[in-house]
Amino acid sequence: MADNLIYVLNGPNLNLLGTREPEIYGRDTLDDIAGRLEDRARELGLEVDVRQSNHEGHLVDWLHEAQAEGVKAVLLNAGAYTHTSIALHDAIKSIRTPVIEVHLSNPHTREEFRHISYVGRAAKGTIAGFGAASYLLALAAAAEL
Ligand code: CA2
């Protein structure tokens, strides 16, 4: 049982964070965000395990693992899979671990194809549009669960 552990799962292209499109996604790298999450988690008596993959199946496996390991919650920025992946939707539905959907940008203010979220339809809640702070806000929400 890892009931003070939070998985922070990141999907495709988020390994490039901080290198391109800073006007949309900000200048922080995923490592910068991970560092800020680790600091805040410590203050909250929690631990974070931050991961990134460009492969949909890895994200599905990690969601199953979150349930098997008994982690407290998952923060999930599924990147573009948010808008396409019924597999991720089903994986979230298949576990009891609460999943909080996270986005740096606000997909609802962007292209039409970003307005559907298969992740959001299965998640406990969504935090979007606050840049890197979205992750910290989601961690605060997870701490309240
Ligand atoms: O706003 C978010 O966090 C997104 O999940 C980011 C995804 C996008 O497809 C979603 O609609 C919203 C894209 C992540 C791509 O990250 C990049 C980072 C640096 C340069 C280019 C892409």
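The values are calculated or read from the model by the stated rules, or taken from the named source; none is laboratory data. Everything quoted here is computed from the prediction, not taken from an experiment. Cβ coordinates were reconstructed from backbone atoms using ideal geometry, including for glycine residues, and neighbour counts include every protein chain displayed.
Do we find a residue being touching a residue at least 12 places away in the same chain (Cβ under 8 Å), touching a strand residue (DSSP E or B) at 6+ places or on another chain (Cβ under 9 Å) and polar (S, T, N, Q) anywhere in the range 36-53?
The answer is yes; a qualifying residue exists.
Cβ-Cβ below 6 Å, separation at least six or inter-chain, first residue in the range 5-27 and more than 27 Å from Leu145 (Cα to Cα), second among the polar types (S, T, N, Q): which pairs?
Correct list of pairs: Pro12/Asn54; Asn15/Gln52; Leu17/Thr29; Gly18/Thr29; Ile24/Ser105.
When the residues of the range 80-98 are narrowed to those that are under 18 Å from Pro12 (Cα atoms) and not hydroxyl-bearing (Ser, Thr, Tyr), which ends up surrounded by the most Cβ atoms within 10 Å (Cβ to Cβ)?
Ile92
Can you list residue pairs whose Cβ atoms sit under 9 Å apart, with the first residue in the range 81-102 being under 14 Å from Arg121 (Cβ atoms) and the second being of a type in the set (Lys, Arg) and not in a loop (DSSP other than H, G, I, E, B)? Count only pairs 6 or more apart in sequence or on different chains.
Note: pairs meeting the criteria are Thr82/Arg114; His83/Arg114.
For the range 99-127, give me each residue that is part of a loop (DSSP other than H, G, I, E, B), crowded, with 19+ Cβ neighbours inside 10 Å and within 10 Å of the ligand (Cβ to nearest atom).
Leu104, Ser117, Val119
Being at pLDDT 95 or above, within 15 Å of the ligand (Cβ to nearest atom) and outside any helix (DSSP H, G or I) is the filter here; which residues of the range 1-37 pass it?
Val8, Leu9, Asn10, Gly11, Pro12, Asn13, Leu17, Thr29
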